[in-house]
Amino acid sequence: MDRNSQTSAVNAQRWPTPRAQPLALACLLAAAPLTLAAQDNAPRNFDEPVLARMLRSGDAKTPSLLLTKSGPQPLDTHEAVLDLRIVYTESKIWDPGHTRFDTVKLRSYQSPGTNPKVPFVAPTIVTAPGETVRVRLDNSLPKEDCAPVGINVPHCFNSTNLHSHGLWVSPTGNSDNVLLTLRPGVKFEYEYNLPADHPAGTFWYHPHLHGSTALQVSSGMAGALIVRGNRLPSNDRNGDLDTLLRDQGGTPYQERLLLFQQVAYACRDRPEPGKTLGKIKTDENGFWRCDPGDVGGIEAYDQFGFPGGKSLWELSGRYTSINGEVLPNFYELKAGRIERWRLVHAGVRNSINLQLRAVRAGAASIEGLSGPALDGWVTQNCTGPLLPQFEVAADGLTHGQAIEKSEIVLQPGYRSDALVVFPQAGQYCVIDGAAPATASITNAAENRQLLGLANVTATAVPPVADIRAYLTENLITSAKYLMPDGVRAKVVADLNDRLRLTAFVPHKDIATGDLTGKQELEFSIKGEDYMVDGKTYDPKSGRDLVLGNVEEWRLTSTVGSHPFHIHVNPFQVDRILNKEGKDVSVTGDPGDSQYANTKGTWKDTLFVKGGYQLFVRTRYERYIGEYVLHCHILDHEDQGMMQNVRMLVPDGKGKGIGNGHH
């Protein structure tokens, strides 16, 4: 079977049942990603994570069929079902620093669609507003004796649960309940019922058991979760951006999913008498190494952290992977084609500054290069100007205006949807750009790192001289063909006004007059204690909030910088004050653009710089129950930088009625 036939056959069982609208069906068919075979030597070809299988109701063995527009159609169950088995998996990961594949054995999600060449990345779940996602989790890890020394000491590495990061669903029962514990040998079915008004966007899922979260996520236990929408904007409500990001014939822009992971595996010496683990092996430069015959793993929290004030991830010499590949080649790219890149930072540690630069003409191959030689190649050959990226959504939530960025800064837990156009054929560097200390989680300057190479083929489209003008022209053309009569003129006028997208923002702005109260939150570290509001995590206490209230939160950090994440309800950025009290939510900081144009945007994860004051606003809507907020440096969360949130029923007097918590 040739590659095209293979792709068609696989896609026949991957896509969810379409709604009745023909345009939605066209969207699903056209957006199917290409799956490329991996090479046996690095750099490897780019593989997109496989999609979760969509099953007929009552038939757990037969996949739904979606062959052609006129071919067999499945029952319209509006359900996505995914079987995930958690096991130890042995595979290989490319180590550019030593130019060889390392054998590793890591905890991983395995499903019927797992790609055996890249097993340390979970399947992509695709669903839609109003649908149900069922994840049948089978914890087949070995049984363990894991009596914890303390609740905030990492423990029980074979126990787990599941979090649907960013979904607006219930936090209770068998929904997005991260207070459950699934021990080895336990099977459990999660059920996420997405409301009909759920935003369409890019989300993700990962383990979230306090004490083992960082270790499991860093092992590759993470996957993307895409909510697709076909709701056109009208005079009464906003629509889904998916309906605009198409050519004038209704074919969606090519999508490319990039799941970034930081797999902190290590090989160890023999343990000393009385100890269970040996020291991490290093080479003459101090970078982590694995010798022939070694099997790397992630079995302790000395593989995370900031020893001596430096990021252990950078000191390790490991490379951020994309969809399970280290230094992949990107193919199937065409000059002048508009693509939608869905970016997911599924790592636990360092910031990523995604940059795209053209490779210098005549550059030699990187094959066989490592260490300083590879760094030197990047310096000499990744010399083209920074290619603009136009971010249209963050954390799955559409912006009111496309934001032009020379680099997209991703902190752990962040997502970004960006429109990308390669102006002409050639090879391009995909880079994690160098970052100043103020821009990074490590609070130290970070070196740049090559993430992969993009190979762009020529087309009949002339070289694109002005990408902004090119995008604007194409989007306006699409709007004229695809938008309804009542809103077409408004959408076109918005696009002409600096690529505004106000007809597609999923939530209404929160005005000062809407506020009913305030909240304060402070991250801090004292010795070995990682704290929220001066306290380490205590599962018996928490923050009480009242359903229906609209509040402004002031977020600060006294020691270090931390990505703040809260479950269930997203928030809108109102203002960000730097150490001098200047609002940088529009202009950003000198040398650090990550806060630029964040004012008014919606998010569920936000980087809180030490010494800054971040003011965000949120509505507590629909769901009651107990969930959490925390730092998304996940080893910080495992060690206490987390707090329970109890959403209470209003009592009619401005306060809440307890939900049975004891």
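The rows are residues; the columns are (1) hydrophobic (A, V, I, L, M, F, W, C); (2) in the same structural domain as Gly560 (by TED's automatic domain parsing); (3) touching a Lys or Arg at 6+ places or on another chain (Cβ under 8 Å).
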site	(1), (2), (3)
Thr601	no, yes, no
Val608	yes, yes, no
Leu614	yes, yes, yes
Gln643	no, yes, yes
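Residues that are of a type in the set (D, E, K, R) and either more than 16 Å from Glu79 (Cβ to Cβ) or free of Cβ contacts under 8 Å to residues at least 12 places away in the same chain (or both) were ranked within segment 173-193; the one that is surrounded by the fewest Cβ atoms within 10 Å (Cβ to Cβ) is Lys187. Annotation: Ile576 fulfils all but one of (1) farther than 29 Å from Val169 by Cβ; (2) in a strand (DSSP E or B); the unmet one is (1). Taking segment 252-295 as the range and being touching a Cys at 6+ places or on another chain (Cβ under 8 Å) and either at pLDDT below 95 or farther than 21 Å from Trp94 by Cα (or both) as the test, only Pro252 passes. Scanning segment 309-322 finds no residues that are of a type outside the set (Ser, Thr, Tyr), assigned to a strand (DSSP E or B) and more than 21 Å from the chain's Cα centre (by Cα). Annotation: of all residues in segment 463-500 being modelled with pLDDT of 95 or more and among the small types (Gly, Ala, Ser), the one that is farthest from the chain's Cα centre (by Cα) is Ala489. Kindly indicate whether any position in segment 501-523 is buried (at least 20 other Cβ atoms within 10 Å of the Cβ), closer than 16 Å to Leu629 by Cβ and at pLDDT 95 or above. Checking segment 501-523: at least one residue is buried (at least 20 other Cβ atoms within 10 Å of the Cβ), closer than 16 Å to Leu629 by Cβ and at pLDDT 95 or above.
The single condition from (1) surrounded by 19 or more Cβ atoms within 10 Å (Cβ to Cβ); (2) modelled with pLDDT under 95 that Pro590 fails is (1).
Considering the conditions (1) part of a loop (DSSP other than H, G, I, E, B); (2) within 24 Å of the chain's Cα centre (by Cα); (3) under 30 Å from Val649 (Cβ atoms), Leu614 is excluded by exactly one of them, (1). The test for being crowded, with 21+ Cβ neighbours inside 10 Å and within 30 Å of Arg134 (Cβ to Cβ) does not hold for Gly296. For Pro171, the stated conditions do not hold, so it cannot be described as part of a loop (DSSP other than H, G, I, E, B) and in contact with a Pro (Cβ under 7 Å, 6 or more places away or on another chain). Scanning segment 328-356 for residues that are outside any strand (DSSP E or B), surrounded by fewer than 21 Cβ atoms within 10 Å (Cβ to Cβ) and modelled with pLDDT under 95 yields no hits at all.
Which of the strands (runs of 3 or more DSSP E) found entirely inside segment 373-455 contain at least 3 residues meeting this: at pLDDT 95 or above and closer than 28 Å to Glu637 by Cα? So the answer is 408-410, 415-421. The residues of segment 475-500 that are surrounded by 20 or more Cβ atoms within 10 Å (Cβ to Cβ) and of a type in the set (S, T, N, Q) amount to a single one, Ser478.
Conditions (1) of a type outside the set (Gly, Ala, Ser); (2) surrounded by fewer than 20 Cβ atoms within 10 Å (Cβ to Cβ); (3) not in a helix (DSSP H, G or I), marked per residue:
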| position | (1), (2), (3) |
| --- | --- |
| Pro195 | yes, yes, yes |
| His210 | yes, no, yes |
| Gln216 | yes, no, no |
| Gly239 | no, no, yes |
| Gly250 | no, yes, yes |
| Leu277 | yes, yes, yes |
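Go through the residues of segment 269-281 one by one and say whether even a single one is touching a residue at least 60 places away in the same chain (Cβ under 8 Å) and under 17 Å from Thr103 (Cα atoms). No: segment 269-281 contains no residue that is touching a residue at least 60 places away in the same chain (Cβ under 8 Å) and under 17 Å from Thr103 (Cα atoms). The single residue among Leu232, Leu162 that is closer than 24 Å to Ser478 by Cβ, aliphatic (A, V, I, L, M) and at pLDDT 95 or above turns out to be Leu232. When each of Leu194, Leu180 is tested for being over 18 Å from the mean Cα position of the chain (by Cα), of a type in the set (A, V, I, L, M, F, W, C) and closer than 16 Å to Ala80 by Cα, the lone residue that passes is Leu194.
The values are calculated or read from the model by the stated rules, or taken from the named source; none is laboratory data. It should be emphasised that the depicted structure is a prediction, and the values quoted were computed from it without experimental measurement. Virtual Cβ from ideal backbone geometry, glycine too; neighbours counted across all protein chains shown.
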